[in-house]
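Enquirer: Here it is: the structure, laid out below.
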Amino acid sequence: MVATHDVQPAQGAPASGANGAAGDVGGSPPALAPSPTRGRRILVRVIVWGATLLAVVAIFAVWANRQLLNPDNWSSTSTQLLQNATIRETTSDYLVEQLYANVNVENELKSRLPTALQSLAGPAAGGLHQLAVEAAKLALASPHVQEVWRQANRLAAQQLVTIVNGGKGAVLIKEGAVTLNLATVVDELAKRLGLPNVSSKLPASAAHLTILKSNQIKLVQNGGKALKGLALVLTIIVPLLYALGIFLAAGYRRRTLMTVGLAIVLAGILVYVGRNLLINQVTDSLVKTESVKPSAHAVMSIATSRLSEIAAAFIIVGVPLMAAAWFAGPARLAIRARRMIAPFLREHPDWTYAIVIGIMTLVFIWEPIPATGKLAGILVFLALAILGTHLLLRQTAQEFPPDVAPGPPAPA
């Protein structure tokens, strides 16, 4: 963990700059700040690292909420699944097996052949099996079938959300079951094989894959509501705890800010590691057939891809916090950099704010994380950037007042 006390200023730095760098982020001399007690230091550490543990839980909760209780995200992920070649191969085998197990393909072919050729229906049905698998792969790769698959998955996800919301919603829930309708996909496959409409001949267990049974409704409702509440509460609590830790760290806030940045980065890294463990453990524990494991691994990787996005967002937020804390500190390179920009900051504060806002605008256009593309996230990040700029202007004004010539950089 980053130490929570500040070091002595680098040789050659102005006295006021040393105090500003070694004190709070705002540049107030340590002599004016209350001397932190050992108990307060411990409390700050507990708050910061406790918030980090909650942050890891929050990442998983937010991911589960976005993945399971958002029909658009669910359908988007399901489309990505079907776009994976390994998953398409396994799905093709399943669909063809269901087709042959529940439909008399030989009789269907016989009914479509001339009387003189009906004796060839049996051998044709057998030879058609492997061709059906290849045809299924091509069918599942087509945009039309993938759109049908996406709509079916979106409907299933909407059913789940409706159940979690107590049955309120646009989708009618019959007996509480959530099913994935595969009949249309099988029909598309049958057409490509030259077979008539066979979806009506498929049993319910084959045409509609049950995702949630009626006796699981109460559990899903309670779990879904708890998940939504947990994601919301932790999203609010974690930033507040970090802010509280920095507020209580009077006299060494810069060091605490660096600790917070490090903790946020560490939370993202822990989630990356946890995701890999989750993928491997689920694949090994639930799938016993070796030939199916590659598909299961691909499914888990795609299903948890949003988890990586959220973890990456934490890292992207944590690194600038660490950089800002370092730049405000007593490191010789940081002092040289502040000395160089001090005249411009002092003489052109308006331009300084304009440059910062311009940089943030480019970040919002780039949208490296989802939060930078939402109004609430834009306002928060913009406010933090302006606050940081204000603190930097105040610190450099204290370190390098107008009557102090910039001079050459301090010797290394």
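The values are calculated or read from the model by the stated rules, or taken from the named source; none is laboratory data. Because the structure is a prediction, the values reported are computed rather than measured. We place every Cβ from the backbone using ideal geometry, glycine too, and count neighbours over all the protein chains shown. Note: areas computed on protein heavy atoms with side chains; ligands, DNA, RNA excluded. Shrake-Rupley method; radii C 1.70, N 1.55, O 1.52, S 1.80 Å.
Enquirer: Filter the range 245-262 down to residues that are aliphatic (A, V, I, L, M) and outside any loop (DSSP other than H, G, I, E, B) and give me whichever is farthest from the chain's Cα centre (by Cα). I'd like the intermediate steps shown before the answer.
Expert: We begin by selecting, within the range 245-262, every residue aliphatic (A, V, I, L, M); these are 246, 248-250, 257-258, 260, 262.
Add one more test, that the residue is outside any loop (DSSP other than H, G, I, E, B), and what stays is 246, 248, 257-258, 260, 262.
Values: ILE246: 26, LEU248: 30, LEU257: 24, MET258: 24, VAL260: 20, LEU262: 19 Å.
Here the residue is LEU248.
Enquirer: Of SER78, SER92, SER142, which residue is within 30 Å of GLY229 (Cα to Cα) and either at pLDDT 75 or above or crowded, with 18+ Cβ neighbours inside 10 Å (or both)? Break it down stepwise before answering.
Expert: Values: SER92 fails: within 30 Å of GLY229 (Cα to Cα); SER142 fails: within 30 Å of GLY229 (Cα to Cα).
Step by step, each of SER78, SER92, SER142 is checked, and only SER78 is within 30 Å of GLY229 (Cα to Cα) and either at pLDDT 75 or above or crowded, with 18+ Cβ neighbours inside 10 Å (or both).
Enquirer: Of all residues being at pLDDT 90 or above and small (Gly, Ala, Ser) in the range 39-57, which is farthest from LEU241 (Cα to Cα)? Just the residue, please. It would help to see each step written out before you state the result.
Expert: In the first step, residues of the range 39-57 are kept if they are at pLDDT 90 or above; the result is 41-57.
Subsequent filtering for residues that are small (Gly, Ala, Ser) retains 50-51, 55.
Details: GLY50: 9, ALA51: 6, ALA55: 10 Å.
Ranking the qualifying residues of the range 39-57, first place goes to ALA55.
Enquirer: Considering only residues that are buried (at least 18 other Cβ atoms within 10 Å of the Cβ) and either farther than 23 Å from MET258 by Cβ or of a type outside the set (Val, Ile, Thr) (or both), which ones fall in the range 311-324?
Expert: Matches in the range 311-324: ALA311, ALA313, PHE314, GLY318, LEU321, MET322, ALA324.
Enquirer: Which of the following residues is small (Gly, Ala, Ser), open to solvent by less than 60 Å² (accessible area, probe 1.4 Å) and at pLDDT below 90: ALA410, ALA385? Outline the logic, then answer.
Expert: Values: ALA385 fails: at pLDDT below 90.
One residue alone meets the criteria, ALA410.
Enquirer: Looking only at the range 325-334, filter to residues that are open to solvent by less than 30 Å² (accessible area, probe 1.4 Å) and small (Gly, Ala, Ser); which one of those is farthest from VAL260 (Cα to Cα)? If you could, list the steps in order and put the result at the bottom.
Expert: Of the range 325-334, the ones open to solvent by less than 30 Å² (accessible area, probe 1.4 Å) are 325, 328-330, 334.
Going one step further and asking which of them are small (Gly, Ala, Ser), we end up with 325, 328-329, 334.
Details: ALA325: 10, ALA328: 15, GLY329: 15, ALA334: 19 Å.
Among residues in the range 325-334 that are open to solvent by less than 30 Å² (accessible area, probe 1.4 Å) and small (Gly, Ala, Ser), the one farthest from VAL260 (Cα to Cα) is ALA334.
Enquirer: Any residue at all in the range 335-353 that is hydroxyl-bearing (Ser, Thr, Tyr) and open to solvent by 60 Å² or more (accessible area, probe 1.4 Å)?
Expert: So in the range 335-353, the residues hydroxyl-bearing (Ser, Thr, Tyr) come out as 352-353.
From what is left, the residues that are open to solvent by 60 Å² or more (accessible area, probe 1.4 Å) are 353.
Yes, the range 335-353 contains at least one residue that is hydroxyl-bearing (Ser, Thr, Tyr) and open to solvent by 60 Å² or more (accessible area, probe 1.4 Å).
Enquirer: Return the pair list, or none, for Cβ contacts closer than 6 Å from residues in the range 338-367 that are at negative phi to residues that are modelled with pLDDT under 95 and exposed (fewer than 14 other Cβ atoms within 10 Å of the Cβ), at least 6 apart or on different chains.
Expert: ARG339/PRO406
Enquirer: Could you tell me whether any residue of the range 289-310 is outside any helix (DSSP H, G or I), of a type in the set (Val, Ile, Thr) and at pLDDT 75 or above? Walk me through it before giving the result.
Expert: To start, the set of residues in the range 289-310 that are outside any helix (DSSP H, G or I) comprises 289-292, 304.
In the following step, the residues that additionally are of a type in the set (Val, Ile, Thr) were identified as 289, 292, 304.
Narrowing the set further to residues that are at pLDDT 75 or above leaves 304.
Checking the range 289-310: at least one residue is outside any helix (DSSP H, G or I), of a type in the set (Val, Ile, Thr) and at pLDDT 75 or above.
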